[in-house]
Amino acid sequence: MMQPDYADTQHLLAQEHSLADAAEAHGTLAGCLCGASGYRFEDWLKEILPEGRATGAATHHLRELYDATVAALIQPDMEFTPQLPDDEAPLEERTAALAHWCQGFLYGLGAGSITDASELPGEVGEVVRDFIEISHAAVDAESGEESNENAYTELVEFVRVGVQLLFEELASARRPGAPTATPLH
């Protein structure tokens, strides 16, 4: 299932007066799907839109994004991709969007059944702590363009794989009736 376009999501969220940009809204969705049991489309809209509901084309578009994200996370072949600006966008814009995406993800994870994601043990905890660092990412003015592009590409890949790992490892925390601070192996 194809994920809707970032620019379209950004435009529709602005029309709906969302306080989150497209990257942060998608990060919130992914974080909630990783950490919350039975997370629904309507739950997401309540997180990202002032009125908790969308109108017309925005509803359809956001539903497609929700469905594509759920489908990508449950696929065994790791098809999940964070919704970020196209590679043609300036690196500064893409880096800021990645930072916003991680901020949204951490918010979403905390809004789910994971009360303090930074305290998760092992590899899962390391990934979350790295996401916290990435949420402060910026382009390094000291490095060359190619170096910054490579660093950005590596961070996006790390986030993509990290989300899949968290989704799989936190499955027990998403089970209905699971304790709010599920210990992981």
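The values are calculated or read from the model by the stated rules, or taken from the named source; none is laboratory data. Just so it is clear, the model here is predicted, and its values are computed rather than measured. Here the Cβ is made from the backbone with ideal geometry for all residues, glycine too, and neighbour counts use every protein chain on show.
Things worth noting here:
- The one condition in (1) under 19 Å from residue 103 (Cβ atoms); (2) at pLDDT 95 or above; (3) not hydrophobic (A, V, I, L, M, F, W, C) that residue 61 fails to fulfil: (1)
- Residues in the stretch 38-53 that are touching a helix residue (DSSP H, G or I) at 6+ places or on another chain (Cβ under 6 Å), in a loop (DSSP other than H, G, I, E, B) and either among the small types (Gly, Ala, Ser) or modelled with pLDDT of 95 or more (or both): 52 only.
- Conditions (1) in a helix (DSSP H, G or I); (2) without any contact (Cβ under 8 Å) to a residue 12 or more places away in the chain: number failed by residue 77: (1)
- Subset of the stretch 86-111 (residues that are among the small types (Gly, Ala, Ser) and buried (at least 22 other Cβ atoms within 10 Å of the Cβ)): 97, 104, 108
- Conditions (1) closer than 20 Å to residue 169 by Cβ; (2) not in a helix (DSSP H, G or I): number failed by residue 83: (1)
- Considered as a group, the residues in the stretch 1-37 that are polar (S, T, N, Q) and either under 8 Å from residue 104 (Cβ atoms) or surrounded by 15 or more Cβ atoms within 10 Å (Cβ to Cβ) (or both) include one that is modelled with the lowest pLDDT, and that residue is 3.
- Single match in 113, 118 (criterion: over 14 Å from the mean Cα position of the chain (by Cα), modelled with pLDDT under 85 and assigned to a helix (DSSP H, G or I)): 118
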